[in-house]
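Asks: Following this message is one structure expressed as structure tokens.
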Amino acid sequence: MPDGHAPQPSTALSRFTVLDLTRVRSGPTCVRQLADWGAKVIKIEMPPALDEGDPMGGPRHGSDFQNLHRNKRGLTLNLKSPEGVALLKKLVETADVVVENFRPDVKKRLGIDYEALSAINPRIVYASISGFGQDGPYAGRPGFDQIAQGMGGLMSITGLPGQGPVRVGIPIADLCAGIFASQGIMIALLEREVSGKGQWVQTSLLQAQAFMLDFQASRWLMEGQVAKQAGNNHPTSIPTGVFQTSDGYMNIAASGNKIWERCARGLGREDLLADERYKTAKGRSDHRDELNAELEKTTRTNTTAHWVEALNEAGVPCGPIYRIDEVFADPQVKHLGIAQTLNGGNRGEVAYVGQPITLSRTPAKIVSHPPEIGAHTDEILAELGLTKAQIDDLRARQVV
């Protein structure tokens with residue numbers, strides 16, 4: 001992890017120290033947002049002999065774990081030991097943020113809940129991510145991304161009509177909960193500049209997934225409409241969907257009368273503009289299947305690249321449907337610099353998924369690989385004032 005002499009990921013959050021008690025995905029996703037923008041993150045794990053691994057994080061040197069834990073320092077601390085908890089509390093005295101995703105009862109039992117740590121440092125911003133919330137009828141249940149996808153409604157609207165529920169191909173509830181938690185932390189840090197006080201930031205996989213329903217949720221809450229599976233067809237913008245070409249598939253999004261007219265002309269199908277069925281948005285919605293079939297008759301006559309060029313020239317939103325390797329080969333993706341490489345470490349040169357936000361003065365960079373377990377334990381404890389003899393004694397007794 002960068003110090004005053006090493007490269008920094010960014011200077012944007014460099015004045016903040018974050019204690020990372022998280023595991024698996026939602027918590028590490030949250031902390032990654034802070035680490036990449038320069039916060040001084042200390043990843044706290046159990047000592048090697050007591051560590052049970054990071055479930056679902058894959059091997060430590062695997063791509064998933066590596067991508068989640070860059071730009072951090074590593075400390076081992078046995079939080080089941082009173083001395084380990086005492087050292088954590090010592091770190092809390094000067095820290096700004098604690099992030100955890102224990103089950104609600106676990107942190108209370110360990111004595112590291114918000115009430116306990118805010119008593120030590122009232123300025124601490126304490127962030128908790130759980131499956132279902134810190135209280136309520138499901139608070140004690142274990143959380144898991146796919147469970148949240150199901151209970152949050154997403155699986156009921158994903159997939160082809162009549163296919164049955166389909167999970168999204170990424171852990172969307174985990175990822176969104178982590179990103180929302182990082183946003184909550186930054187809001188609390190901004191508010192602290194006014195009040196001088198920290199607070200407890202909470203989110204859950206279930207809350208995140210329900211929020212991400214967005215317009216589908218508001219259709220129910222405001223209009224009483226329960227959305228169903230629509231497959232690749234957009235539920236309200238028509239024609240918008242997937243169309244087969246001579247060599248694959250592409251997306252076309254031709255919502256609104258003007259873009260629909262451009263689409264028909266770009267495809268050389270001006271005849272469709274004269275068809276009474278397709279002259280209004282309601283007509284195109286009522287006759288969606290017939291319209292899609294007509295459009296696909298045309299798109300199948302040429303390549304994806306041909307139609308992408310022709311329709312973009314006509315001012316119609318469209319694009320190819322890439323495999324993941326094709327995503328990172330695309331010239332615009334390369335230009336945006338989403339993939340960032342870093343040399344060194346046990347894997348040699350590694351490509352990480354960089355931040356999707358660009359700041360003009362303080363951009364985020366990936367400057368250090370994830371730490372080996374406890375790699376900075378001696379360094380961090382020395383910063384707390386412990387001597388080498390004291391650290392060696394703690395290690396011998398598996399406190400660190």
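The values are calculated or read from the model by the stated rules, or taken from the named source; none is laboratory data. Just so we're clear, the structure is a prediction, and the values are computed from it rather than from any experiment. Backbone-built Cβ (ideal geometry, glycine too); neighbour counts: all protein chains shown.
Asks: Scan region 129-148 for residues that are in contact (Cβ under 8 Å) with a residue 12 or more places away in the chain and in a loop (DSSP other than H, G, I, E, B) and report the count. Full working, then the answer.
Replies: In the first step, residues of region 129-148 are kept if they are in contact (Cβ under 8 Å) with a residue 12 or more places away in the chain; the result is 129-135, 138-140, 142-148.
Next, from what is left, pick out any that are in a loop (DSSP other than H, G, I, E, B): 131-135, 138-140, 142-144.
Result for region 129-148: 11.
Asks: Here's another thing I want to ask about it. Could you check region 324-345 and list, in sequence order, the residues that are part of a helix (DSSP H, G or I) and either modelled with pLDDT under 95 or of a type in the set (Val, Ile, Thr) (or both)? Steps first, answer last, please.
Replies: Within region 324-345, the subset part of a helix (DSSP H, G or I) is 324-329, 331-336.
Across region 324-345, the qualifying residues are Ile324, Val327, Val333.
Asks: Given the condition within 29 Å of Phe132 (Cβ to Cβ) and of a type in the set (A, V, I, L, M), answer yes or no: does some residue in region 227-248 qualify?
Replies: If we filter region 227-248 for residues that are within 29 Å of Phe132 (Cβ to Cβ), which is where we start, we get 227-230, 235.
Narrowing further to those that are of a type in the set (A, V, I, L, M): 227, 230.
Looking for residues that are within 29 Å of Phe132 (Cβ to Cβ) and of a type in the set (A, V, I, L, M), one finds at least one in region 227-248, hence yes.
Asks: Mind counting the residues in region 355-399 that are without any contact (Cβ under 8 Å) to a residue 40 or more places away in the chain, within 30 Å of Leu175 (Cβ to Cβ) and surrounded by 10 or more Cβ atoms within 10 Å (Cβ to Cβ)?
Replies: Number of matching residues: 2.
Asks: I'm trying to understand the selection: among the residues of region 229-247, which are in contact (Cβ under 8 Å) with a residue 40 or more places away in the chain, within 30 Å of Ala217 (Cβ to Cβ) and part of a strand (DSSP E or B)?
Replies: Gly241, Val242, Phe243, listed by residue number.
Asks: Looking at region 193-203, can you tell me whether even one residue there is in a helix (DSSP H, G or I), under 14 Å from Ser26 (Cα atoms) and touching a strand residue (DSSP E or B) at 6+ places or on another chain (Cβ under 9 Å)?
Replies: As a first pass, look at region 193-203 and keep what is in a helix (DSSP H, G or I): 193-195.
Still in the list and also under 14 Å from Ser26 (Cα atoms): none.
No, because not a single residue in region 193-203 is in a helix (DSSP H, G or I), under 14 Å from Ser26 (Cα atoms) and touching a strand residue (DSSP E or B) at 6+ places or on another chain (Cβ under 9 Å).
Asks: Tell me, please, whether a residue that is surrounded by 20 or more Cβ atoms within 10 Å (Cβ to Cβ), assigned by TED's automatic domain parsing to the domain that holds Glu372 and small (Gly, Ala, Ser) can be found in region 139-148. If you could, list the steps in order and put the result at the bottom.
Replies: Restricting attention to region 139-148, the residues satisfying the condition of being surrounded by 20 or more Cβ atoms within 10 Å (Cβ to Cβ) are 143, 145, 148.
Retained after the next criterion (residues that are assigned by TED's automatic domain parsing to the domain that holds Glu372): 143, 145, 148.
Keeping just the survivors that are small (Gly, Ala, Ser) gives 143, 148.
Yes, that holds for at least one residue.
Asks: Name every residue in region 149-185 that is among the hydrophobic types (A, V, I, L, M, F, W, C), out of contact with any strand residue (DSSP E or B) (no Cβ under 8 Å at 6 or more places or on another chain) and not in a loop (DSSP other than H, G, I, E, B), in order of residue number. Lay out the reasoning, then the answer.
Replies: Narrowing region 149-185 to residues among the hydrophobic types (A, V, I, L, M, F, W, C): 151, 154-155, 157, 160, 166, 168, 170, 172-173, 175-177, 179-181, 185.
Adding the requirement that they be out of contact with any strand residue (DSSP E or B) (no Cβ under 8 Å at 6 or more places or on another chain) leaves 151, 154-155, 157, 160, 166, 168, 170, 172-173, 175-176, 179.
Within region 149-185, Met151, Leu154, Met155, Ile172, Ala173, Leu175, Cys176, Ile179 meet the criteria.
Asks: Please go through region 320-358 and pick out each residue that is aliphatic (A, V, I, L, M) and within 19 Å of the chain's Cα centre (by Cα). Let's see the steps before the verdict.
Replies: Applying the first criterion (aliphatic (A, V, I, L, M)) to region 320-358 yields 321, 324, 327, 329, 333, 336, 338-339, 342, 350-351, 353, 357.
Answer for region 320-358, where residues must be aliphatic (A, V, I, L, M) and within 19 Å of the chain's Cα centre (by Cα): Ile324, Val327, Val333, Leu336, Ile338, Ala339, Ala351, Val353, Ile357.
Asks: So, one more: I'd like the residue in region 248-272 that is part of a loop (DSSP other than H, G, I, E, B) and touching a helix residue (DSSP H, G or I) at 6+ places or on another chain (Cβ under 6 Å) and, out of all such residues, is surrounded by the most Cβ atoms within 10 Å (Cβ to Cβ). Give the steps one after another, and end with the answer.
Replies: To start, the set of residues in region 248-272 that are part of a loop (DSSP other than H, G, I, E, B) comprises 248, 254-256, 267-269.
If we keep only those that are touching a helix residue (DSSP H, G or I) at 6+ places or on another chain (Cβ under 6 Å) too, we end up with 248, 254, 267, 269.
Values: Gly248: 12, Ala254: 27, Leu267: 24, Arg269: 16.
Filtering first and then ranking leaves Ala254.
Asks: Going residue by residue through region 212-233, is there one that turns out to be under 30 Å from Phe16 (Cβ atoms), surrounded by 14 or more Cβ atoms within 10 Å (Cβ to Cβ) and not charged (D, E, K, R)?
Replies: yes
Yes or no, residue by residue, for (1) over 23 Å from His369 (Cβ atoms); (2) in the same structural domain as Asp275 (by TED's automatic domain parsing); (3) touching a strand residue (DSSP E or B) at 6+ places or on another chain (Cβ under 7 Å):
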position: Leu295; (1), (2), (3): yes, yes, yes
position: Leu311; (1), (2), (3): yes, yes, yes
position: Gly315; (1), (2), (3): yes, yes, no
position: Asn343; (1), (2), (3): no, no, no
